[in-house]
Amino acid sequence: MKHDDGDVAGLGRPRAVAFALPALAIIGVFLFLPALWTLWLGLTNYRLTGTAAAHPKVVWFDNYRTALTDHEFRGALWRTTLFVIGSALIGQSLFGFSLAWVLQRVRKPIRSVVEFFVLLAWIVPSSVSSFLWFALYDRRNGTLNALLGTKGTAWLIQYPMWSIVVFNTWVGTAFSMLLYRSALGSVPPSQLESARLAGAGPGAQLRDVIFPHIRSHILTNTLLITLWTFNVFTPYLLTGPANRKAEIMAGYIYRTSLRVGELGQGAAISLIMIVINLIIALVYLRVLRERTP
Amino acid sequence: MSASPVAERSTAMSRFDAQPIRHFLGVIGRTVFVAFMLAFFTLPVLWLVFAPFDKTPGLGVSLPEFTIANFRTLFKSSSALSALRNSLILAGGTAALVLVAGSLASYALSRVRIPGRDMLLYVLLLMSSIVTGTAAMVPTFQLVNELHLIDKMLGVVLVIGAGTLPTVIFILKDFMDNIPKSYEESARLFGARPLRILWDVVVPTARSGLAAIAVWAVVQVWGNFLVPYILLRSPDKSPAAVVMYTFYTEGGQPNLRLIAAFALVYSLPVVLVYFFVSRRYGFRFYGGIKR
Amino acid sequence: MASIRTVKLTKEYPGGVKGVDDLTLDIVDGEFFALLGPSGSGKTTLLRTIAGLESVTAGQLFIGSRDVTQLDPGRRNVAMVFQDYALFPHMSTADNIAYPLKVKKVHKAQRYATAEETADALSLQGLLGRRPSQLSGGQQQRVALARAVASNPDVFLFDEPLSNLDARLRLEARTFLKQLQRRLGVTTVFVTHDQAEALALADRIAIMDKGRIQQLGTPRDVFRAPANTFVAAFIGSVPMTLIPGTLAGGRFAFGEERLELPDEAATTAAAMPDGTAVTYGARPEYISMSSDSRPGAIAGPVQVVEHLGASLLVSVAFGDQLVQAVVDEDHEPEIGATVYLLPNPRRALLFDAEGTRMADDAPAEAGG
């Protein structure tokens, strides 16, 4: 066949491949290759400096054994789990849904103002937003202490996990709010009408009409924010390198590999993280495919 | 917005509800909730609004003694200016890269059935969501080091570009798929060659999508801290995201007047661009791709 | 200007569906040629194959004396007007019309002069600066025509260019199109699913079904002498009444009713044995109705009366079979009243068991 069906511009396969090549090459080198490289690096005792930098040795699964038995790694993983549950599954989801739900019933000017500020938190660059919270949490002059009358409370040191969970909820709620807003908008008004005519109150409407209708949206949202929160680096900017009590995976990898310089060890942990990401992403893509057959 | 008819109807209905107490409690509940949310989301940004114009800004929020001297300090600070310039270079470079490479690739993938195309897109998207800056920082650093691109802007552009390209291709392909095939067929019958068709017909028709993608890419790079933090060493090459961080973490008393003015000038462009784009193209599409 | 010739042309899709099946066809230079058929009949596939937008599986295609079977569509010198017009939304009317010339690297001043001239000829004065979204459907259609004209092609290919217009505008555009084609004299292939459009516009019509041509002829031929029951049912604003039945004693029998054989097939049919299955066809316009008995007429109760404007379409029941007649608006019968129907034997047709028309002098010709 001379032309492919659907090839309306007469591109032809060779030219199409040439068109796609630059993008695929960049993705291949700077996205795929690093991922594959972790497999290899994770098996070596590679270091940033010293003799192991010039002549890395294969240590097989030592790095993984070290990681899995290391209480710092397990601590970081445990804190990350709490962080994801607290800021994504509870904070962002709950706030996002409630905002989408309540703002439907609020006059437009108020709705626009609230939405603006929720979105602003999301858009402000991460190093600015972390400084804003750094200032807010400050022990001596922080607005939070002034407001709550808790003078002298060092939030980031006394309540490190709470601090980053609240911070990340603040940053990320906008996404859930937007997603749930469009999900609620897709519930056919006629179904709500008939539920109401049948005498259903708000609780019954939520349970019987709205949740069944937006179930797939809830799943999508949950998986996406889980994935993003699991990989987020920003809390490190807020807590700094010294604060181990709030160290989550991102900070832990950074410290192990680039500050301490154990690249091999860091790669092993990276791979563990990529595998966890893979599981979440596969579940997500599966859900997505079921939604759009 | 599709939500408003629901809202209208529901208020109309609840007025008919012969339960004034429940209605009243509902209003109270809503008001308290909205007030709390508004406080929670505005409180941290108040500093960003007031401090830049305050003669003596502290870490706490206070009504400013108005001045614009802070901005004068900012424009005299060479590190602040070069940081903003570096951010512009990185953002412009990445946007140009992903636009050119992304539109060529998405067009080819949209129009020609290369074997395994759907699988390819699927795998690309999967990779870009699991190989994140955080998870892949070690091998990425290692790779860029081997390629002698450490401390070069190009390295940052390529790494961030590779991370965004799968999403860019996926979304642009959707745009390209929606361009009526007859446009290209018509141009082709007049004798236009593929590159000419792409330039004369496809690019102008998809320009709203291209603009949205460009803006998205710019916002991604502008806010990205981790990649330049790891890959760039010289302070004079650091973009604003990194410089902002070093301003308040490096030893000594932080210069709050400089930080305040810098934070505002650094944040404003993305906020403006974002709200401009969202007004034109809607949040629904945007919601899905901002991370 | 050029003729178009296809030789045993076949277009097979992956999966074995044949869009065009072993088709040989001659389109004369300067002819207005219509491809008519229901959706999926292969008419659009044939048009796109002529344009080069679909590849050929087997056979040959000539435009003029050139074998263009493997030639790139951009080098065939054909112009196509698409159903959605395919006007570039980001270009003004002038830019759209001048685009073919831009591709051919005509000098800028020259191509805008040509565009303006063409626009004038198609009554598009004053619209040159507008974008397609600022034009009405009729104007968009004329801009698409102008763009095709400006490229000065050997052949025009029209893919249902009138179907996106509303009914009133469509009649206007139809006349305009016919005038334009007469004036330019460019060979034109026109795809439509609307039989009235094909009858009104074309010099010749090819009626297609399942990738094959069912009949090829002038509008008069296909209306008066449809080659088979498919064509008979497809052509005509009121479908032809087709009655399945048998031959019985030199007459046509269905149920209890008997009808005289149509004139054109009387001798052939009379020679056939009784009981041979045939189909009797008569257009409702050629069946007369009366309230009194007449020799040769069949009687039945009126079931439905539909108003067509100046006339009425009356459906009369004979058992399960409905027979329709078009009658004058002054003769509206009562529902349920018994009426007598008499087909005009000179206009009635007879089809054999395969659906092919039977005629005494020459066997019906199927395909071309």
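The values are calculated or read from the model by the stated rules, or taken from the named source; none is laboratory data. All values reported here derive from a predicted model rather than from experimental measurement. Note: ideal-geometry Cβ built from the backbone for every residue, glycine included; neighbour counts use all protein chains shown. In case anyone asks, the SASA skips ligands and DNA or RNA and just uses the protein heavy atoms, side chains included. Shrake-Rupley method; radii C 1.70, N 1.55, O 1.52, S 1.80 Å.
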Review point. What do you reckon, is A:Arg289 outside any loop (DSSP other than H, G, I, E, B), free of Cβ contacts under 8 Å to residues at least 24 places away in the same chain and either open to solvent by 10 Å² or more (accessible area, probe 1.4 Å) or within 9 Å of chain B (Cβ to nearest Cβ) (or both)?
Key: yes
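Just one of B:Ser278, B:Ser186 is modelled with pLDDT of 90 or more, buried (at least 18 other Cβ atoms within 10 Å of the Cβ) and of a type in the set (Ser, Thr, Tyr); which is it? Walk me through it before giving the result.
Working: B:Ser278 fails: modelled with pLDDT of 90 or more.
Every option except B:Ser186 fails the conditions.
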Exercise for review: Go over the candidates B:Gly161, B:Gly191, B:Gly155 one by one and state the one that is small (Gly, Ala, Ser), within 7 Å of another protein chain (Cβ to nearest Cβ) and touching a residue at least 40 places away in the same chain (Cβ under 8 Å).
Suggested key: B:Gly161
Check your understanding: Pairs, please: C-beta under 6 Å, at least 6 apart or cross-chain, first residue more than 7 Å from chain A (Cβ to nearest Cβ) and assigned to a helix (DSSP H, G or I) and in segment B:124-148, second among the charged types (D, E, K, R) and open to solvent by 20 Å² or more (accessible area, probe 1.4 Å)?
Key -> none
Check your understanding: Being aliphatic (A, V, I, L, M), open to solvent by less than 10 Å² (accessible area, probe 1.4 Å) and either part of a strand (DSSP E or B) or touching a Gly at 6+ places or on another chain (Cβ under 9 Å) (or both), is that true of even one residue in segment C:145-164?
Key -> yes
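Could you say which residue among C:Asp209, C:Asp221 is surrounded by fewer than 23 Cβ atoms within 10 Å (Cβ to Cβ), within 22 Å of C:Ile50 (Cβ to Cβ) and modelled with pLDDT under 95? Working first, answer last.
Numbers: C:Asp221 fails: within 22 Å of C:Ile50 (Cβ to Cβ).
That would be C:Asp209, the only listed residue that is surrounded by fewer than 23 Cβ atoms within 10 Å (Cβ to Cβ), within 22 Å of C:Ile50 (Cβ to Cβ) and modelled with pLDDT under 95.
Does A:Leu179 satisfy the criteria of being within 9 Å of chain B (Cβ to nearest Cβ) and modelled with pLDDT of 85 or more?
yes
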Revision key, fill the gap. Of (1) within 7 Å of another protein chain (Cβ to nearest Cβ); (2) among the aliphatic types (A, V, I, L, M); (3) in contact (Cβ under 8 Å) with a residue 60 or more places away in the chain, A:Leu89 satisfies every one except (1)
Study note, to complete from the structure: If we ask which residues in segment A:237-250 are more than 9 Å from every other protein chain (Cβ to nearest Cβ) and either assigned to a helix (DSSP H, G or I) or touching a residue at least 40 places away in the same chain (Cβ under 8 Å) (or both), their number turns out to be 8
Check your understanding: When segment C:80-107 is examined, which residues are found to be touching a strand residue (DSSP E or B) at 6+ places or on another chain (Cβ under 6 Å) and either over 20 Å from C:Val186 (Cβ atoms) or of a type outside the set (Phe, Trp, Tyr) (or both)?
Key -> C:Met80, C:Val81, C:Gln83
Check your understanding: Does at least one position in segment C:113-136 carry a residue that is polar (S, T, N, Q), modelled with pLDDT under 95, exposed (fewer than 15 other Cβ atoms within 10 Å of the Cβ) and in a helix (DSSP H, G or I)?
Key -> yes
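Go through A:Val113, A:Val124 for me and flag whichever is within 8 Å of chain B (Cβ to nearest Cβ) and either open to solvent by less than 20 Å² (accessible area, probe 1.4 Å) or of a type in the set (Phe, Trp, Tyr) (or both).
On the way: A:Val113 fails: either open to solvent by less than 20 Å² (accessible area, probe 1.4 Å) or of a type in the set (Phe, Trp, Tyr) (or both).
Step by step, each of A:Val113, A:Val124 is checked, and only A:Val124 is within 8 Å of chain B (Cβ to nearest Cβ) and either open to solvent by less than 20 Å² (accessible area, probe 1.4 Å) or of a type in the set (Phe, Trp, Tyr) (or both).
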Exercise for review: Kindly indicate whether C:Leu87 is surrounded by 16 or more Cβ atoms within 10 Å (Cβ to Cβ), in contact (Cβ under 8 Å) with a residue 12 or more places away in the chain and away from chain B (no Cβ under 14 Å).
Suggested key: no
Practice item. Could you figure out which of (1) open to solvent by 60 Å² or more (accessible area, probe 1.4 Å); (2) of a type in the set (A, V, I, L, M, F, W, C); (3) more than 7 Å from chain B (Cβ to nearest Cβ); (4) without any contact (Cβ under 8 Å) to a residue 40 or more places away in the chain isn't true of A:Ala25? Key: (1)
Check your understanding: Hey, among the residues in segment B:13-45 that are more than 30 Å from A:Thr143 (Cα to Cα) and of a type in the set (Phe, Trp, Tyr), which one's modelled with the lowest pLDDT?
Key -> B:Phe16
Revision key, fill the gap. Taking segment A:206-236 and keeping only residues that are within 21 Å of A:Ala195 (Cα to Cα) and either in contact with a Phe, Trp or Tyr (Cβ under 6 Å, 6 or more places away or on another chain) or not in a helix (DSSP H, G or I) (or both), one is left with A:Ile214
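Given the residues B:Ser62, B:Ser10, B:Ser110, which is the only one that is surrounded by 16 or more Cβ atoms within 10 Å (Cβ to Cβ), at pLDDT below 85, more than 15 Å from B:Arg257 (Cβ to Cβ) and among the hydroxyl-bearing types (Ser, Thr, Tyr)?
On the way: B:Ser62 fails: more than 15 Å from B:Arg257 (Cβ to Cβ); B:Ser110 fails: at pLDDT below 85.
After applying the criteria, what remains is B:Ser10.
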Check your understanding: open to solvent by 10 Å² or more (accessible area, probe 1.4 Å), over 19 Å from C:Ala232 (Cβ atoms), modelled with pLDDT under 90 and within 33 Å of the chain's Cα centre (by Cα): does that describe C:Gly296?
Key -> no
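With the requirement that a residue be at pLDDT below 85, surrounded by 13 or more Cβ atoms within 10 Å (Cβ to Cβ) and not polar (S, T, N, Q), what does segment A:43-52 give you? Steps first, answer last, please.
The initial filter retains those residues of segment A:43-52 that are at pLDDT below 85, namely A:44-52.
Still in the running and surrounded by 13 or more Cβ atoms within 10 Å (Cβ to Cβ): A:44-48, A:52.
A:Tyr46, A:Arg47, A:Leu48, A:Ala52 - these are the residues of segment A:43-52 that are at pLDDT below 85, surrounded by 13 or more Cβ atoms within 10 Å (Cβ to Cβ) and not polar (S, T, N, Q).
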Review point. Could you say which residue among A:Arg196, A:Arg215, A:Arg259 is within 29 Å of B:Phe141 (Cα to Cα) and surrounded by fewer than 22 Cβ atoms within 10 Å (Cβ to Cβ)?
Key: A:Arg259
Point to revise | Residues located in segment C:267-314, provided they are free of Cβ contacts under 8 Å to residues at least 24 places away in the same chain and touching a helix residue (DSSP H, G or I) at 6+ places or on another chain (Cβ under 9 Å) | key: C:Ser311
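Please work out which residue is farthest from A:Gly203 (Cα to Cα), limiting yourself to segment B:27-51 and to residues that are more than 8 Å from chain A (Cβ to nearest Cβ) and crowded, with 16+ Cβ neighbours inside 10 Å. Please lay out each step first, then the result.
Of all residues in segment B:27-51, those more than 8 Å from chain A (Cβ to nearest Cβ) come to B:27-29, B:31-32, B:35-36, B:39, B:49-51.
Going one step further and asking which of them are crowded, with 16+ Cβ neighbours inside 10 Å, we end up with B:50-51.
Details: B:Phe50: 42, B:Ala51: 44 Å.
Filtering segment B:27-51 for residues that are more than 8 Å from chain A (Cβ to nearest Cβ) and crowded, with 16+ Cβ neighbours inside 10 Å, the one farthest from A:Gly203 (Cα to Cα) comes out as B:Ala51.
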